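Working notes for the structure below.
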Amino acid sequence: MIVHATELPGVSVIELQPLRDPRGSFTRTFDAELFAAHGLDPRVAQCSASFNPHAGTLRGLHYQAPPHEESKLVRCVRGRVWDVVVDLRPDSSAYCRWLGIELDADGMRLLSVPEGCAHGFQTLLDDSQVDYQMSVAYVPEAAAGVRWDDPAFAIDWPEPPRGGERIISTRDRAFADYARSDGARSDSTLSHHAP
């Protein structure tokens with residue numbers, strides 16, 4: 001496994017390195033010691049999967065509010081998604097900046113999302129599945145989010161495939177506009193990264 005830091009502090013792309021032979025391949029997908037050595041949260045309290053039958057499905061942007069913050073390790077195991085992280089940590093040098101990366105079942109990459117960041121994705125293919133490892137147990141009353149099209153972030157989402165429409169839950173559409181804690185204009189700190 002190779003850990004690649006991004007311009008968002010604590011957000012890393014993990015490149016998997018399969019060992020191949022005539023039988024197929026063997027790939028380590030998690031290594032607590034390696035993660036800790038790179039400053040990533042090695043805890044795993046829960047694992048979840050999100051199956052999405054339709055391209056253009058958008059989930060997020062979600063996070064757990066204090067004191068129940070969680071880090072996530074995200075991997076697309078079927079299909080392809082545009083995965084997005086937004087830094088919501090007011091003390092971060094990348095506050096209100098976002099990162100977008102394409103993850104797919106063949107790409108052998110994972111995304112590490114630290115506490116204090118919102119996460120979401122849009123499916124680019126039908127029948128896409130995203131698997132998560134979370135550092136702490138889910139607390140329903142701490143579930144929070146920011147809207148996918150919030151002008152505070154101006155995320156550059158891909159258009160849905162084949163001219164289709166985005167499929168978004170009522171809850172995700174209803175998140176209020178994000179109010180920056182530092183009062184600065186957010187359009188001056190946008191980021192896009194796709195290693």
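All of the numbers you see were taken from the coordinates with simple rules; none came from a lab. Keep in mind that what you see is a predicted model, and the values were worked out from it rather than measured. Ideal geometry is used to build each Cβ from the backbone, glycine not excepted, and the neighbour counts take in all protein chains shown.
Legend: calculated FRET efficiency, residue 32 to residue 156, from the Cβ-Cβ distance at R0 = 41 Å, rounded to 0.05, equals 0.75.
Comparing 66, 77, 112 along the charge dipole axis of segment 7-117, the residue lying farthest to the positive side is 77, per the Cβ-charge model. Once the Cα-Cα distance is subtracted from the 0.36 nm per residue extended length, the residue 137 to residue 16 segment shows a gain of 41.0 nm.
A simple charge model with +1 on the Cβ of Lys and Arg, -1 on the Cβ of Asp and Glu and nothing else charged puts the dipole of segment 95-176 at about 260 debye relative to its Cα centre. Here the relative contact order of the chain, from alpha carbon pairs under 8 Å that lie six or more residues apart, stands at 28 percent. The helix-only estimate of mean residue ellipticity at 222 nm for the chain, built from DSSP H runs of length n ≥ 4 each weighted as -39500 (n - 2.57), is -1000 deg cm²/dmol after division by the residue total. With the simple model of a label 7 Å out from the Cα in the direction of the Cβ, residue 144 to residue 2 spans 3.7 nm.
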